[in-house]
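Everything below concerns the one structure shown next.
The values are calculated or read from the model by the stated rules, or taken from the named source; none is laboratory data. Since the model is a prediction, treat every value here as computed from it, not as a measurement. Counting neighbours? That spans all protein chains shown, and the Cβs are built from the backbone with ideal geometry, glycine included. Ligands, DNA and RNA are excluded from the accessible area calculation, which covers all protein heavy atoms including side chains. Shrake-Rupley method; radii C 1.70, N 1.55, O 1.52, S 1.80 Å.
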Amino acid sequence: MGGPLMQILAIDTSSDAVVTGVANLADGDRHPAVLAERVVADGRRHAEVLTSLIGEVLDESEVSRSDLDAVVVGCGPGPFTGLRVGMATAAAFADALGLSAYGVCSLDAIAAQEFSSDRAISSLLVVADARRREIYWARYAEGGARVTGPDVTAPARVVADLADAPIDLVVGSPAHAELFGRPIGVSTVPSVTGLVLAAVDDLRSPPEPAPLVPLYLRRPDAVEPKKKPRGADRPHREVAR
């Protein structure tokens, strides 16, 4: 990878929004310059819209596929179907172009975006809708270091457990952020800036990329059926006497 200016494709499908874009990362600078970004709130059509959105941001940024240096993708937490679309697309894209693909926690990306603003923040809570009356959440200290989470829990329990925790700001799902009675930030889903910031250390001193591992935090709904004993399905026959 090694040039003075890196061109990065960022992808996230951990929420109902499909997020993708292209960013530059200049040598010696930790903050990316976003060249193009798309955020489409359509959780039912992740697979349909993502590829076309990638084409749009590449065209708008005037960055060709051969000019890209890396792919960054949000690995959740999130639902199985959404995460699978984004991560599979990122992995396939990187493999086809011979690029490294770096996975980041999507909640880390939201936190990184908020910490990069001019607002003075020393502690932060990120929450996201996990459905089933639960939320995904993680807590961060000054500078964006994650100190708790990610986890999936009922909102009321998180509110109670963090009642005395130092939290300057809550970001993420607006409907759930307001439950904590703290100031609410503007970041609701991962952004291209946040995704690249969450991966910047790996991008700067690239190790061998770790495998992309989705953060489901739940067991899948589909469970492999138990094997029945041999002959269990055979009809019972009365024996004549």
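Put a dot 7 Å past each Cα toward the Cβ at Asp168 and Glu48; how far apart are the dots in nm?
4.2 nm
Over all alpha-carbon pairs in segment 73-209, figure out the percentage whose distance exceeds 19 Å.
50 percent
Pop the C-beta distance of Arg218 and Glu62 into the FRET formula with R0 = 51 Å and round what comes out to the nearest 0.05.
Computed FRET efficiency for Arg218 and Glu62 comes out at 0.80.
If I take every Cα pair under 8 Å that is 6 or more residues apart in segment 107-194, average their sequence separation and divide by the length, what percent do I get for the relative contact order?
34 percent
Please list the equivalent ellipsoid semi-axes of segment 1-45, computed as the square roots of five times the alpha-carbon gyration tensor eigenvalues, in descending order and whole angstrom.
Whole-Å semi-axes of the equivalent ellipsoid: 26, 9, 8.
How large is ³J(HN,Hα) for each residue in segment 170-179, as worked out from phi by the Karplus curve 6.51 cos²θ - 1.76 cosθ + 1.60 (θ = phi - 60°), to whole Hz, x for Gly and Pro?
10, 10, x, 4, x, 4, 8, 4, 6, 5
What accessible area per residue, rounded to a whole number of Å², is obtained for the chain using a probe radius of 1.4 Å?
55 Å²
What distance in nm separates the two pseudo spin-label positions at Leu179 and Ala26, each 7 Å out from Cα along the beta-carbon direction?
Placing both labels 7 Å beyond Cα along the Cβ direction yields 4.3 nm.
Helix-only mean residue ellipticity at 222 nm, the chain, DSSP H runs n ≥ 4 weighted -39,500 (n - 2.57), per residue, nearest 500. What is it?
-8500 deg cm²/dmol
In whole percent, and with a 1.4 Å probe on the protein chains, what portion of the accessible area of the chain is carbon and sulfur?
C and S atoms contribute 50 percent here.
Using every alpha carbon pair in the chain, what percent of pairs falls into each 5 Å bin from 0 up to the bin containing the largest distance?
That works out to 1, 7, 14, 17, 17, 14, 10, 6, 4, 2, 2, 2, 2, 1, 1, 1, 0, 0, 0, in percent per bin.
Sequence gap at least 6, Cα distance under 8 Å: using those rules, report the relative contact order of the chain to the nearest whole percent.
21 percent
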